[in-house]
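Written below as structure tokens is the structure these notes are about.
The values are calculated or read from the model by the stated rules, or taken from the named source; none is laboratory data. All values derive from a computational prediction rather than experimental measurement. Cβ coordinates were reconstructed from backbone atoms using ideal geometry, including for glycine residues, and neighbour counts include every protein chain displayed.
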Amino acid sequence: MRWHHCLTAATVGLLAICPVGGQGRAQDAGLSAKLHPWGRFQPGAWKLVRVVTEALDDRAVVTTVSVTETKTSLVNVDKDGVTLEVEVGIEVAGKQFDGQPQCIKQGFHGELAGPDVQAHAPSDGEVAIEGRKVPCRIQQVESAGSSSKTVTHIYYTDARAPYVLKRESTTTDADGKTVLGETTLEVLALDMPHRVLSELKNAAYVKTVQKHAKGSVTTLATTVADVPGGVVYHSSKELDNSGRVVRRSTLELVSYGLQPEEERIGIFGRKRPARHRKTTIYGPAW
């Protein structure tokens, strides 16, 4: 089963970083749960999204199509971030497969929750959106793993959604000599009308470009602050090193709720029994 992240993935999976170790310290640094696309909601909020993915051959002919539904529910918001329960189902060639529910722990801006995250004091800055300069705060965050480290610059504001206005990340090997990947997220437009199910809401358009050793992924997302997780639609394409499109996908919102479900909505319309949560994963989700 392939997991899709917004950014990323969220994609798209979407989203700034704070130091782990207490909400008080995060607030001293100018950050808060409000800036996380799940952190500003109450436990029990949820969303269900559907992703249709096509794989293409070297003649740009679609070879396989898969449909993935992801159900994400907010379990808890605490001093260190948010805990999300994620259920994934995938349909390939008419057959449906369900994965076990997993719990994911995020810092308030989507970073990996763990001890090896260091945030520097933020400074004043600005970003340009639709030809206008928007005042913001800029924070550098560094995270290290066993074989790599990532330096991220986050441009954020408390004043307006989607709060994180720009993000630039570079991942290198542990010595910092070889670049393994680069990700750039930028808000392209604010206050765009977008219909979410039966309601018209204000949305932001966000572009994310991920570059890695085998190619790149470009995602254009529509985010709505009133919806848990933010992303309500995206289109994405993956290119290999020659510039050929090898995969493309679209994401759409199926349903969402701000309160715990009275009757659980399951993957592919199937009802779900009472929750039985599995292993906690420290990583990103929509």
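Details
Conditions (1) surrounded by fewer than 19 Cβ atoms within 10 Å (Cβ to Cβ); (2) in contact with a helix residue (DSSP H, G or I) (Cβ under 8 Å, 6 or more places away or on another chain); (3) under 26 Å from VAL206 (Cα atoms), marked per residue:
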| residue | (1), (2), (3) |
| --- | --- |
| GLU87 | no, yes, yes |
| PHE108 | no, yes, yes |
| HIS120 | yes, no, yes |
| SER123 | yes, no, yes |
| GLU126 | yes, no, yes |
| VAL134 | yes, no, yes |
| SER143 | no, no, yes |
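- Within the stretch 47-68, being over 15 Å from the mean Cα position of the chain (by Cα) and not in a loop (DSSP other than H, G, I, E, B) holds for VAL52, THR53, GLU54, ALA55, LEU56, VAL62, THR63, THR64, VAL65, SER66, VAL67, THR68.
- Across the stretch 122-131, not a single residue is classified as modelled with pLDDT under 95 and either over 25 Å from VAL187 (Cα atoms) or among the hydrophobic types (A, V, I, L, M, F, W, C) (or both).
Condition check ((1) farther than 23 Å from PHE41 by Cβ; (2) among the aromatic types (Phe, Trp, Tyr); (3) in contact with a strand residue (DSSP E or B) (Cβ under 7 Å, 6 or more places away or on another chain)) across all residues:
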{"site": "VAL75", "(1), (2), (3)": "no, no, yes"}
{"site": "ASP80", "(1), (2), (3)": "no, no, no"}
{"site": "ALA93", "(1), (2), (3)": "yes, no, no"}
{"site": "LYS105", "(1), (2), (3)": "no, no, yes"}
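- In the stretch 119-128, the condition of being part of a strand (DSSP E or B) and closer than 30 Å to THR53 by Cβ is met by no residue.
- Among the conditions (1) in contact with a Pro (Cβ under 9 Å, 6 or more places away or on another chain); (2) more than 14 Å from GLU69 (Cβ to Cβ); (3) modelled with pLDDT of 95 or more, ARG275 misses just one, which is (3).
- Selection of the stretch 161-176 for residues being surrounded by fewer than 19 Cβ atoms within 10 Å (Cβ to Cβ), at negative phi and not in a strand (DSSP E or B) yields ALA174, ASP175.
- Any hit, the stretch 221-229, residues being touching a residue at least 12 places away in the same chain (Cβ under 8 Å), loosely packed, with under 15 Cβ neighbours inside 10 Å and either under 24 Å from THR150 (Cα atoms) or over 16 Å from the mean Cα position of the chain (by Cα) (or both): no
- Reported count of residues in the stretch 210-235, each being in a strand (DSSP E or B) and of a type in the set (Asp, Glu), is 0.
- Matching option when the condition is β-branched (Val, Ile, Thr) and in contact (Cβ under 8 Å) with a residue 60 or more places away in the chain, among VAL179, VAL151, VAL206: VAL206
- Top-ranked residue in the stretch 28-44 [being surrounded by fewer than 14 Cβ atoms within 10 Å (Cβ to Cβ) and modelled with pLDDT under 90; ranked as farthest from LYS71 (Cα to Cα)]: ASP28
- None of LYS207, LYS201 is at pLDDT 95 or above, in a strand (DSSP E or B) and within 16 Å of the chain's Cα centre (by Cα) except LYS207.
- ARG195 of a type in the set (Lys, Arg), surrounded by fewer than 19 Cβ atoms within 10 Å (Cβ to Cβ) and in a loop (DSSP other than H, G, I, E, B): no
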